[in-house]
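The values are calculated or read from the model by the stated rules, or taken from the named source; none is laboratory data. Here the structure is a predicted model, which is why all the values come from computation and not from measurement. So basically every Cβ, Gly included, is an ideal-geometry build from the backbone, and we count neighbours across all protein chains shown. All accessible areas refer to the heavy atoms of the entire protein, side chains included, with ligands and DNA or RNA removed. Shrake-Rupley method; radii C 1.70, N 1.55, O 1.52, S 1.80 Å.
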Amino acid sequence: MSEAKKEVPKASGENSKAAQKPALESSKGASKGTAEPSLEEVERQLAKEFKEYSVAEFFKKNRQMLGYSGKVRSLTTIVHEYVTNAIDSCEDAKALPDILVEIHPVSAKVQREEIAVGDGVTTRFDIPSHVVEADVLNVLVDGVVLALKKEYELKNEKRGRDMVKVLVLKSPLAKGSKLVYEWAYGHLRVAVQDNGTGIPKSKAAQAFGQLLSGTKFYQRRQKRGQQGIGASYATLFSQITTGKPIHIKTGLGNYKVFEADVSIDAKSNSAVVSNEKEYSQNFRGVRVEAEFAEVTYNRSEYGVYEYLRRTALSNPHVQISLLEPAGERVEFLRASKDLPRKPEPALPHPLGITTSDLMDMASSTQSRKLSSFLQTDFSRISSDKVKDLETLVNAGHKSKEPLYVDFNRSPGSLTWPEAERLVQNIQKIKWIAPDTSSLISIGEGQLQKSLKNLLQPEVMKVVERKPRVFRGGIPFLVEAAIAYGGKAGAEGDAEHSRVGEILRFSNRVPLLFDAGSCAITEGVKTIDWTRYDLKDWESKPISILVNFVSVFVPYTGAGKLAISQEDEIVQEIRAALMECAREVGTYLHSLQRIEEQEYRRQIFFRYIGEVSQSLTDLTPTDKKMLEAKLRKIAEQRTAVEEAKDEQEKELEEMEAKAAKEMEEQG
């Protein structure tokens with residue numbers, strides 16, 4: 001059965017309206033609590049929340065963009081920034097650089113703890129928990145510091161539910177040898193001192209306390225640094241990790257020395273100076289001291305020691321002293337007393353200019369006419385080229401027409417569409433190649449001295465390529481070297497073994513990180529090393545060195561860790577390395593040939609005695625006479641083979657020379 005429907009009486013007239021009114025008010029009240037804000041309210045809220053922040057605040061939250069990621073990497077980045085500034089300053093002062101780098105443990109003494117005595121078999125040792133997170137960790141065997149990754153590794157092992165840190169030696173600890181850990185908790189104090197120009201008192205705080213300030217950004221001159229961020233960010237990193245300012249000391253050699261503590265107001269990106277003092281002393285140069293946490297010192301392939309070793313390699317005129325946290329002093333002696341030529345400022349080449357660049361330069365030039373501006377502010381633009389450009393830009397347009405560009409007017413009145421047309425038509429003109437006198441390489445002779453001094457190789461080849469351009473008008477050059485044998489290459493896993501290494505440099509500055517995204521690594525990877533008897537070069541005692549030189553280095557990021565893989569750059573790196581590889585490969589091939597010749601000769605000589613004795617038994621011939629004749633025959637036969645090998649060698653050299661000439665012509 002269906003239930004009877006209950007009828008609800010309908011309200012009519014005023015009673016109906018009265019009944020609905022409370023319901024409507026209730027509905028409005030409910031919706032009021034969940035109603036979306038009006039556009040005016042949203043606008044006011046956005047305006048209230050919208051805030052401007054400084055570059056210092058940005059990098060404070062994005063430290064990894066500048067290379068501050070990981071304890072070892074952060075410390076290397078700090079030393080890199082200070083040392084590159086120091087070398088540039090010394091070269092500006094025309095003084096042979098003497099750089100002192102000190103790294104001291106702070107807040108705790110370095111402690112030594114004997115872990116084990118060798119039994120000639122064991123290679124794995126547990127690291128005590130109180131040492132695992134130490135800020136300084138050195139591993140010593142009988143007082144000698146071991147190199148991380150080359151002589152030992154630190155690994156994590158799971159034991160039940162726990163993770164244990166284990167030290168793994170590459171070779172067993174010799175019987176009776178003592179394995180010792182040096183460790184400390186606390187901070188590290190870094191000090192770097194140079195004998196350069198010094199910094200004027202009025203600019204000293206700004207140089208270390210304001211990001212994006214310095215002398216290099218607007219100079220179109222080859223320098224190690226570019227943006228004016230590095231040393232200033234080290235100041236900020238000290239603040240972030242320890243809350244302390246840095247301390248600077250500077251003198252111009254005029255018996256006036258200025259010292260102060262410097263920190264950064266991150267909100268305004270401005271220097272804060274305290275504890276200032278001036279006094280008289282015969283001091284020229286800069287000394288900067290800063291305390292850091294979240295950093296670690298060790299002798300790994302990415303550490304400070306390796307960075308300074310490579311700096312000495314690419315700068316043979318520099319002498320570097322390193323005082324390590326454990327108190328050991330290391331000297332990287334200079335290999336040459338010849339200062340590199342001071343780089344000259346370079347005017348921009350028209351093919352490398354953009355519309356934005358042209359507008360910026362036009363607004364700040366001293367020239368009164370557009371025609372004179374193009375001739376004085378750019379390289380390779382003559383009066384004839386200006387006429388050619390004017391003809392192209394104004395083709396089909398008459399004077400006083402809207403699209404006509406008057407080359408006699410003020411450059412400051414140039415509009416964006418006009419500048420865009422100028423840049424487009426610049427690309428249609430054939431220009432003389434950019435001036436390359438501004439490029440300063442290490443130099444073939446200097447690099448040879450440096451390689452001999454530090455690597456002492458059996459054979460090496462150094463090549464400096466002719467200057468080229470990338471992106472249409474930016475000049476650059478590549479110099480490369482391959483060293484084989486001796487101390488070339490990195491230390492291998494086995495005792496006294498060496499393995500291949502790539503030494504990357506940009507304007508003489510070592511590039512230790514982000515190798516996979518670098519043009520240099522790409523150039524090495526794309527070469528068929530088998531052609532040069534260097535197959536599996538990674539397992540051979542070989543150092544492959546490449547230095548990229550340019551007024552403008554196209555880094556992949558603000559940290560300046562790798563070079564962008566521009567096609568022109570990669571091709572030049574390939575060509576330079578192949579030229580080096582040909583000579584080194586010829587040497588290796590000759591070694592192999594000598595071994596084969598000696599092997600053939602020994603086969604002949606090995607049986608001369610037996611053959612002579614057998615012939616003497618069969619005939620009355622004198623044994624000594626037979627031996628002498630057989631030896632002479634053997635020497636003649638092997639000499640013929642050696643002559644053939646020499647002819648083959650000469651042919652190979654001729655082919656290599658012809659290939660090089662064709663490559664240069666192409």
Open item on the list: Just to check your reading of the model, which residue among VAL144, VAL164, VAL121 is in contact (Cβ under 8 Å) with a residue 40 or more places away in the chain and either open to solvent by 30 Å² or more (accessible area, probe 1.4 Å) or touching a strand residue (DSSP E or B) at 6+ places or on another chain (Cβ under 8 Å) (or both)?
Closed with: VAL121
Open item on the list: Taking the condition of being under 20 Å from ILE432 (Cβ atoms), touching a Pro at 6+ places or on another chain (Cβ under 9 Å) and open to solvent by 30 Å² or more (accessible area, probe 1.4 Å), how many residues in the stretch 364-419 meet it?
Closed with: 4
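Considering only the stretch 443-454, I want to know if a residue exists there that is in contact with an Asp or Glu (Cβ under 6 Å, 6 or more places away or on another chain) and not charged (D, E, K, R). Please lay out each step first, then the result.
Step one: filter the stretch 443-454 for residues in contact with an Asp or Glu (Cβ under 6 Å, 6 or more places away or on another chain), giving 444.
Then keep just the ones that are not charged (D, E, K, R); that gives none.
For the stretch 443-454, residues in contact with an Asp or Glu (Cβ under 6 Å, 6 or more places away or on another chain) and not charged (D, E, K, R): absent.
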Task: Tabulated pairs, the stretch 327-343, first modelled with pLDDT of 85 or more and assigned to a loop (DSSP other than H, G, I, E, B), second open to solvent by less than 60 Å² (accessible area, probe 1.4 Å) and hydroxyl-bearing (Ser, Thr, Tyr), C-beta under 8 angstrom, 6+ apart or interchain - done: ALA335/SER450; SER336/SER450
Open item on the list: Here is a check on your reading of the model: is ILE482 in a strand (DSSP E or B), under 25 Å from LYS149 (Cβ atoms), in contact with a Gly (Cβ under 8 Å, 6 or more places away or on another chain) and not charged (D, E, K, R)?
Closed with: no
Task: Test: PHE476 is part of a loop (DSSP other than H, G, I, E, B) and either open to solvent by 10 Å² or more (accessible area, probe 1.4 Å) or more than 27 Å from ILE78 (Cα to Cα) (or both) - done: no
Open item on the list: Looking only at the stretch 29-58, how many residues end up being part of a loop (DSSP other than H, G, I, E, B) and either among the β-branched types (Val, Ile, Thr) or at pLDDT below 80 (or both)?
Closed with: 6
- [ ] Quick one: in the stretch 470-489, of everything that is in contact with a Phe, Trp or Tyr (Cβ under 7 Å, 6 or more places away or on another chain) and β-branched (Val, Ile, Thr), which residue is nearest to GLU572 (Cα to Cα)?
- [x] VAL478
Open item on the list: Checking the conditions here, which among ARG498, ARG508, ARG471 is out of contact with any His (no Cβ under 9 Å at 6 or more places or on another chain) and surrounded by fewer than 17 Cβ atoms within 10 Å (Cβ to Cβ)?
Closed with: ARG471
Task: Residues (in contact with a helix residue (DSSP H, G or I) (Cβ under 6 Å, 6 or more places away or on another chain) and over 17 Å from VAL145 (Cα atoms)) located in the stretch 319-351 - done: ILE320, PHE332, ALA335, SER336, PRO350
- [ ] Pick out the one residue from SER202, SER232, SER268 that is at pLDDT below 90, part of a helix (DSSP H, G or I) and more than 28 Å from the chain's Cα centre (by Cα).
- [x] SER202
Open item on the list: Just checking, does the stretch 378-393 include any residue being over 19 Å from VAL546 (Cα atoms) and in contact with a strand residue (DSSP E or B) (Cβ under 8 Å, 6 or more places away or on another chain)?
Closed with: no
TODO: Filter the stretch 58-94 down to residues that are of a type outside the set (Phe, Trp, Tyr), surrounded by fewer than 18 Cβ atoms within 10 Å (Cβ to Cβ) and either more than 17 Å from the chain's Cα centre (by Cα) or more than 30 Å from ARG189 (Cα to Cα) (or both), then give me how many there are.
DONE: 5
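Consider the stretch 398-415. How many of its residues are over 19 Å from GLY352 (Cβ atoms), part of a helix (DSSP H, G or I) and touching a residue at least 40 places away in the same chain (Cβ under 8 Å)?
Just the residues of the stretch 398-415 that are over 19 Å from GLY352 (Cβ atoms), to begin with: 398-410, 412-413, 415.
Filter again for part of a helix (DSSP H, G or I), leaving 412-413.
From the residues that got through so far, the ones that are touching a residue at least 40 places away in the same chain (Cβ under 8 Å) too are 412.
Residues in the stretch 398-415 being over 19 Å from GLY352 (Cβ atoms), part of a helix (DSSP H, G or I) and touching a residue at least 40 places away in the same chain (Cβ under 8 Å): 1 in total.
Of TRP537, TRP529, which residue is more than 28 Å from LYS71 (Cα to Cα), in contact (Cβ under 8 Å) with a residue 40 or more places away in the chain and buried (at least 18 other Cβ atoms within 10 Å of the Cβ)? Break it down stepwise before answering.
Details: TRP537 fails: in contact (Cβ under 8 Å) with a residue 40 or more places away in the chain.
The match here is TRP529.
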Open item on the list: Quick check on my filter: what residues within the stretch 546-581 are out of contact with any strand residue (DSSP E or B) (no Cβ under 8 Å at 6 or more places or on another chain), outside any helix (DSSP H, G or I) and open to solvent by less than 30 Å² (accessible area, probe 1.4 Å)?
Closed with: GLY559
TODO: Tell me which of these ILE353 doesn't satisfy, since it passes every other one: (1) in contact with a strand residue (DSSP E or B) (Cβ under 9 Å, 6 or more places away or on another chain); (2) over 14 Å from ILE87 (Cα atoms).
DONE: (1)
